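Take a look at the structure set out below.
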DNA sequence: ACTGAGCGT
């Protein structure tokens, strides 16, 4: 399950994000989106969890949680747009 | 060093 995490503090790094979600279950991957121009964090990222139950638990609990002074927003990620649009 | 809506180099 793809999880969208936003409103993150810019100081937050992938390792901390990964650690936050690992408290609720197995995390496949955790990624913070980095601005290509500045090389700094965009303040949001994505976390992928194999187990949907653990993912939902993490979303329910981590959403609105204050981390580094910022309440982060955790929701299920939008469906990834397909390269090919079937007609 | 700085900033603050939003779905990924």
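The values are calculated or read from the model by the stated rules, or taken from the named source; none is laboratory data. Treat the numbers as computed from the prediction; the structure is a model and nothing was measured. A quick note on method: Cβ atoms are made from the backbone with ideal geometry, for glycine too, and the neighbour counts reach across all protein chains shown.
Out of A:33, A:59, one residue alone is outside any helix (DSSP H, G or I), within 21 Å of residue A:80 (Cβ to Cβ) and under 10 Å from the mean Cα position of the chain (by Cα). It is A:33.
Residue-by-condition table, conditions (1) surrounded by 11 or more Cβ atoms within 10 Å (Cβ to Cβ); (2) out of contact with any strand residue (DSSP E or B) (no Cβ under 7 Å at 6 or more places or on another chain); (3) closer than 13 Å to residue A:2 by Cβ:
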{"site": "A:37", "(1), (2), (3)": "no, yes, no"}
{"site": "A:42", "(1), (2), (3)": "yes, no, no"}
{"site": "A:46", "(1), (2), (3)": "yes, no, yes"}
{"site": "A:50", "(1), (2), (3)": "yes, no, yes"}
{"site": "A:53", "(1), (2), (3)": "yes, yes, no"}
{"site": "A:62", "(1), (2), (3)": "yes, no, no"}
{"site": "A:66", "(1), (2), (3)": "no, yes, no"}
{"site": "A:72", "(1), (2), (3)": "yes, no, no"}
{"site": "A:75", "(1), (2), (3)": "yes, no, yes"}
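Of the residues making up the range A:36-64, just one is more than 7 Å from DNA strand B (Cβ to nearest atom), closer than 17 Å to residue A:14 by Cα and modelled with pLDDT under 95, namely A:39.
Before we move on, is residue A:24 assigned to a loop (DSSP other than H, G, I, E, B), touching a helix residue (DSSP H, G or I) at 6+ places or on another chain (Cβ under 6 Å) and touching a residue at least 12 places away in the same chain (Cβ under 8 Å)? It is true that residue A:24 is assigned to a loop (DSSP other than H, G, I, E, B), touching a helix residue (DSSP H, G or I) at 6+ places or on another chain (Cβ under 6 Å) and touching a residue at least 12 places away in the same chain (Cβ under 8 Å). Residues in the range A:6-15 that are within 9 Å of DNA strand B (Cβ to nearest atom) and touching a strand residue (DSSP E or B) at 6+ places or on another chain (Cβ under 6 Å): 5 in all.
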